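Q: First the structure, then my questions, so here it is.
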Amino acid sequence: VQLQASGGGLVQPGGSLRLSCESSGTIFSINLMSWYRQILGKQRELVALTTSGGGTNYLDSVKGRFTISSDTAKNTVYLQMNNLKPEDTAVYYCNVVAGNFKDAYWGQGTLVTVSS
């Protein structure tokens, strides 16, 4: 099973992007679906996650601007990003944890650049 992330690109400050992450196959017993990002020169950080129960959690700096959602039937997770800021520029990675937290899958990353 592979995760394919898409939707990144160049956007002006204040703009929006929607990232998608689709699985190439069925992932059973999903526990968490998440988006991470890695800013150049920094460690990868958790941006948003959604649980199998529908709970969500966000990095403080993106609260109110980003929304994570998922379609478990399609094993797909989305990240709607609004009011983007230059400091959101990063490579965004999707992650799925499944099998009672024993299995973890990563997407290949999609670059988001926020610049005027």
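Q: In the stretch 35-110, which chymotrypsin sites (Phe, Trp or Tyr not before Pro) are in a loop and have at most 16 other Cβ atoms within 10 Å, using DSSP for the loop call?
A: Qualifying residues, ordered by number: F101.
Q: What figure in square angstrom, to the nearest 10, would you give for the accessible area of I68 with a 1.4 Å probe?
A: About 10 Å², ignoring ligands and nucleic acids.
Q: Out of the total accessible area of the chain (probe 1.4 Å, heavy atoms of protein only), what percent is carbon and sulfur?
A: Heavy-atom surface of the chain belonging to carbon and sulfur, 1.4 Å probe: 47 percent.
Q: Full-extension gain between D103 and V1, please, as 0.36 nm times their residue separation minus the C-alpha to C-alpha distance.
A: Residue separation times 0.36 nm, minus the Cα-Cα distance, leaves 35.6 nm.
Q: Here's another thing I want to ask about it. Could you pull out the trypsin sites (Lys or Arg not before Pro) across the stretch 27-116 that fall in loop regions by DSSP (anything but H, G, I, E, B) with no more than 13 other Cβ atoms inside 10 Å?
A: K42, K63, K102
Q: Oh, and also: Could you state the orientation-averaged shadow area of the convex hull built on the Cα atoms of the chain, in nm² to one decimal?
A: So the Cα hull casts an average projection of 6.7 nm².
Q: Next question. Only Cα pairs under 8 Å and at least 6 apart count here; give the relative contact order of the chain as a rounded whole percent.
A: Across the chain, relative contact order equals 37 percent.
Q: Which residue, L59, L84, L49, has the most motion in a Gaussian network model of the chain that connects Cα atoms within less than 10 Å?
A: L59
The values are calculated or read from the model by the stated rules, or taken from the named source; none is laboratory data. Keep in mind that this is a model prediction, so the values were computed, not measured. No Cβ is skipped: glycine too gets one built from the backbone with ideal geometry, and neighbour counts run over all protein chains shown. To get the accessible areas, we keep the full protein, side chains included, count just its heavy atoms, and leave off ligands, DNA and RNA. Shrake-Rupley method; radii C 1.70, N 1.55, O 1.52, S 1.80 Å.
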